[in-house]
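First up is the structure itself, then whatever we jot down about it.
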Amino acid sequence: MAASTLGPAWGPLRLGVPGFCRRRPPRGLWARARRLSEPVASGRSVAAGSGLGASGTDRYCLELLRKRDYEGYLCSLLLPAESRSSAFALRAFNVELAQIKDTVSEKTIGLMRTQFWKKTVDDIYGDNPPHQPVAIELWKAVRRHNLTKRWLMKIIDEREKNLDDKAYRNIQELENYAENTQSSLLYLILEILGIKDLHADHAASHIGKAQGIVTCLRATPYHGSRRRVFLPMDICMLHGVSQEDFLRKSQDRNVRDVVYDVASQAHLHLKHARSFHRSVPVKAFPAFLQTVALEDYLKKIQQVDFDLFHPSLQRKNPLLPLSLYIQSWRKRY
């Protein structure tokens, strides 16, 4: 049974900031964390608060992230000031690609859009970006940090292959997708921070895989509303669960066991990522702050006994900005 085996299988989740109360927080910490989560009044105030210029392309990327990738938006705000604009550009590029699948009605149209981004990346490295806000900001980031083109193209290629709208055959296929998208994005953010370290790359690989798995779980209710299920078929078959069980939001134990197995794999990747903690340069830690949001979700899904459709899983955590700020202050991931 999923719930009964959780304790020994996962062990205690290291969520939040254990031991925080044993240290005196810096003055103004709580106020700064509250400001981090406050909605912005205008594009100009967003750019100013992020240490960026007030160009229209800056504002476009910031607003796109705030609306479509709120957790990535918060994590990027906590990067060093000189790295934020480039991180926003990279995450906005990822959002542009991620939303292709959900905004096109035909695969052919999706392929046209991914082809546009392939040509855009080629043009960026030829110092001739198109007049598109994300492309312009990405060009600036590439010039500023000499970013590796291969990682950008991997993200595009993997998103393109994913347009087929098929469930993952097994957990390894889901992990490969996550490696080529989420992990590639983290490799690029490490480059923005000036990090070239094998241990940091290993941690990024595992965190990216955990991110991809958690994203697959979180998106299941939305995909189900569109008559789609992408959870790994091998795990579903192992527990005798069909796609129809997820489409009708079954509460059966075997359905929860599928969710438990998938969530356990994400937890395992986070555990592996933290095994490199003592070897990863402290300067790389800000790139990995998204582990706070990942563990927050894993904790909530545990609390509802792996009911993937529980309403609490669809609500934002109002304390997430504070948790991220504290984790950043404590230099942990």
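The values are calculated or read from the model by the stated rules, or taken from the named source; none is laboratory data. Owing to the predicted nature of the structure, the values given are computational and were not obtained by experimental measurement. Methodologically, a virtual Cβ is constructed for each residue, glycine included, from the backbone with ideal geometry; neighbour enumeration extends over all protein chains shown. To get the accessible areas, we keep the full protein, side chains included, count just its heavy atoms, and leave off ligands, DNA and RNA. Shrake-Rupley method; radii C 1.70, N 1.55, O 1.52, S 1.80 Å.
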### Summary
Among GLY240, ALA266, GLN314, the residue whose Cα sits farthest towards the positive end of the charge dipole of segment 165-315, when +1 is placed on the Cβ of each Lys and Arg and -1 on the Cβ of each Asp and Glu, is GLN314
### Message
Place a point 7 Å from Cα of THR108 in the direction of its Cβ. Which residues in segment 163-187 have their backbone N less than 18 Å from it?
### Response
163-165
### Query
How would PHE309, PHE88, PHE116 line up by accessible area, probe 1.4 Å, largest first?
PHE116, PHE309, PHE88
### Message
About the Cα centre, and with charges only on the beta carbon of Lys, Arg (+1) and Asp, Glu (-1), how big is the dipole of segment 165-315? Nearest 20 debye, please.
### Response
340 debye
### Task
Give me the distance in nm between label points sitting 7 Å out from Cα along the Cα-to-Cβ direction at LYS149 and SER275, one decimal.
3.6 nm
### Task
Round to the nearest 10 and report in Å² the accessible area of MET112, as given by a 1.4 Å probe over the protein chains' heavy atoms.
130 Å²
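Between ASN317 and ASP123, what is the FRET efficiency for a Förster distance of 41 Å, r being their Cβ-Cβ separation, to the nearest 0.05? The partial results should precede the final answer.
Numbers: r = 39 Å, r/R0 = 0.96.
The formula returns an efficiency of 0.55 here.
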### Query
Of the trypsin sites (Lys or Arg not before Pro) in segment 295-333, which ones lie in a loop per DSSP and count no more than 15 other C-beta atoms within 10 Å?
ARG315, LYS316, ARG330, LYS331
#### Entry: For segment 137-143, 3J(HN,Hα) per residue [Karplus equation, 6.51 cos²θ - 1.76 cosθ + 1.60, θ = phi - 60°, Hz, x = Gly/Pro]
5, 5, 4, 4, 5, 4, 5
### Task
Take the alpha carbon gyration tensor of segment 56-148, find the square roots of its eigenvalues, order them as a ≥ b ≥ c, and report rounded if a/c is under 1.5; if not, report prolate when a/b exceeds b/c, else oblate.
oblate
### Message
How far apart, in nanometres, would the label points at GLU173 and LYS196 be if each is projected 7 angstrom from Cα along the Cα-to-Cβ direction?
### Response
3.8 nm
### Query
Counting only the heavy atoms of the protein chains, how much of TYR125 is accessible to a 1.4 Å probe, in Å² to the nearest 10?
80 Å²
